1. Just checking, which of Glu222, Glu257, Glu311, Glu275 is of a type outside the set (A, V, I, L, M) and over 36 Å from the mean Cα position of the chain (by Cα)?
2. Which ones in region 262-280 are under 17 Å from Asp296 (Cα atoms) and either in a helix (DSSP H, G or I) or not assigned by TED's automatic domain parsing to the domain that holds Lys309 (or both)?
3. Determine, yes or no, whether Lys87 is in a helix (DSSP H, G or I), farther than 30 Å from Leu206 by Cβ and either modelled with pLDDT under 95 or not assigned by TED's automatic domain parsing to the domain that holds Tyr177 (or both).
4. Please determine, by comparing only the residues of region 28-83 that are part of a helix (DSSP H, G or I) and among the polar types (S, T, N, Q), which one is surrounded by the most Cβ atoms within 10 Å (Cβ to Cβ).
5. Would you be able to say whether some residue in region 32-51 is free of Cβ contacts under 8 Å to residues at least 12 places away in the same chain and over 17 Å from Ile182 (Cβ atoms)?
6. Which of the residues that make up region 137-154 are touching a residue at least 24 places away in the same chain (Cβ under 8 Å) and of a type in the set (S, T, N, Q)?
7. Looking only at helices (runs of 4 or more DSSP H) that lie completely in region 305-397, which have at least 2 residues being touching a strand residue (DSSP E or B) at 6+ places or on another chain (Cβ under 6 Å) and either surrounded by 11 or more Cβ atoms within 10 Å (Cβ to Cβ) or touching a residue at least 60 places away in the same chain (Cβ under 8 Å) (or both)?
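The values are calculated or read from the model by the stated rules, or taken from the named source; none is laboratory data. Worth saying up front: this structure is predicted, and the values here are computed from it rather than measured. Note that each Cβ is placed from the backbone with ideal geometry, even for glycine, and that neighbours are counted across all protein chains shown.
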Amino acid sequence: MTSKQVRPLDGITVVSLEHAIAAPFCTRQLADLGARVIKVERPGLGDFARAYDKQVNGLCSHFVWVNRSKESLTLDLKQPSAMAALKILLKTADVLVQNLAPGAATRMGLTPEALHKENPGLILCDISGYGNDGPYRDKKAYDLLIQSEAGFLSVTGTPETPSKSGNSIADIAAGMYAYTNILAAILQRAKTGKGSVIDVSMLESLSEWMSFPMYYAFDGAEPPPRNGASHATIYPYGPFKAGDGGTVMLGLQNEREWVQFCEVVLENVALGKDERFNQNFKRNEKREALLAIIDDCFSKLTTEQVIEKLEKAQIANARLNDMAGLWKHDQLKARNRWVNVDTPAGQIPALLPPGSNDSYEYRMDAIPAVGEHTHDILSEIGLSEEQIQSMANSQAI
């Protein structure tokens with residue numbers, strides 16, 4: 001290997017009892033950095049997320065996002081031969097990730113005590129809705145439900161309608177914290193020689209991301225109101241219509257920018273000194289009056305003209321992009337962020353992970369078919385052809 005081919009997690013083996021998004025998103029990022037990720041799936045159907053939709057050449061959009069660069073091992077863990085194979089695999093693994101139903105791993109005997117007896121360096125990461133203890137431990141948890149419990153819906157949407165995030169934000173938050181906790185545990189093991197147990201909950205992950213609105217509502221204060229795509233407390237900061245029907249997002253952060261906005265964009269020098277609007281809290285209180293002034297100006301301009309004026313005034317702005325626009329985004333193209341990855345249905349484009357490092361390249365390998373690597377993995381851990389065939393005959397794999 002050249003130095004460019006050496007990745008941070010080369011040589012690390014991750015076994016994951018995973019489904020849906022949170023755990024697969026975590027382990028895919030470990031795979032991006034070079035880890036070998038063995039995804040344990042149910043024989044036949046595999047991870048139920050494979051069947052959410054068929055948007056990507058017949059494959060699921062969720063699944064292709066979070067499962068590249070993995071090996072698929074099918075095991076029916078209710079059968080003794082399959083559980084025995086898993087335990088052999090875990091004797092030499094570095095990390096076990098699981099987001100099974102609460103208590104499922106314990107019922108199968110996959111406790112920290114039992115696993116560390118065989119492999120003291122094993123890092124165990126449990127991802128759940130509410131954590132491994134407390135009164136909510138056994139409560140079912142889906143992304144939307146956690147968005148609700150964490151107060152996300154209370155500050156997102158319009159005054160009339162609470163709105164969920166358009167993506168799986170609670171799953172993503174938990175997956176990110178599981179990923180970073182595992183990286184920390186690998187560093188910790190290098191110092192102590194011992195594995196550790198990580199308990200990541202979706203509620204705690206998203207609650208951390210909710211800290212601004214929580215502190216804004218500190219000690220019983222009024223929380224930020226729901227204002228659609230507009231900022232709850234800063235104005236003008238949000239979407240504004242142009243005369244050609246397009247929408248431009250813009251954001252003012254301080255009084256210097258307010259004066260520039262009035263002089264260059266609205267071409268109204270006097271407005272910048274108008275005492276009704278000369279401080280953010282005043283503009284925030286008088287949104288309707290100021291919106292009428294902005295709309296009157298923007299209605300005479302195209303989207304491109306509004307953006308040109310905002311750029312000239314050095315006011316932060318963005319187009320209101322849709323998914324088609326994101327696929328074709330000039331900046332992603334210019335920075336060579338797209339590569340092709342293989343799937344059971346042919347090649348598809350995939351974004352490189354955020355952040356580039358000049359000392360290695362990300363692993364961007366294929367998305368596996370269900371059970372694609374089962375035979376090879378079982379052979380690797382010492383099972384004979386006869387044993388593997390017997391497991392196939394009993395549908396343990």
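1. Glu275
2. Cys262, Glu263, Val264, Val265, Val269, Ala270, Leu271, Gly272, listed by residue number.
3. It is false that Lys87 is in a helix (DSSP H, G or I), farther than 30 Å from Leu206 by Cβ and either modelled with pLDDT under 95 or not assigned by TED's automatic domain parsing to the domain that holds Tyr177 (or both).
4. The selected residue is Gln29.
5. So far as region 32-51 goes, yes, one or more of its residues are free of Cβ contacts under 8 Å to residues at least 12 places away in the same chain and over 17 Å from Ile182 (Cβ atoms).
6. Gln147, Ser154
7. In region 305-397, 374-380 are the helices (runs of 4 or more DSSP H) which contain 2 or more residues that are touching a strand residue (DSSP E or B) at 6+ places or on another chain (Cβ under 6 Å) and either surrounded by 11 or more Cβ atoms within 10 Å (Cβ to Cβ) or touching a residue at least 60 places away in the same chain (Cβ under 8 Å) (or both).
Yes/no per residue for (1) surrounded by 14 or more Cβ atoms within 10 Å (Cβ to Cβ); (2) assigned by TED's automatic domain parsing to the domain that holds Gly157; (3) small (Gly, Ala, Ser); (4) not in a strand (DSSP E or B):
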residue: Val200; (1), (2), (3), (4): yes, yes, no, no
residue: Glu204; (1), (2), (3), (4): yes, yes, no, yes
residue: Tyr215; (1), (2), (3), (4): no, no, no, yes
residue: Glu222; (1), (2), (3), (4): no, no, no, yes
residue: Asn227; (1), (2), (3), (4): yes, no, no, yes
residue: Gly245; (1), (2), (3), (4): no, no, yes, yes
residue: Val248; (1), (2), (3), (4): yes, no, no, no
residue: Gln260; (1), (2), (3), (4): yes, no, no, yes
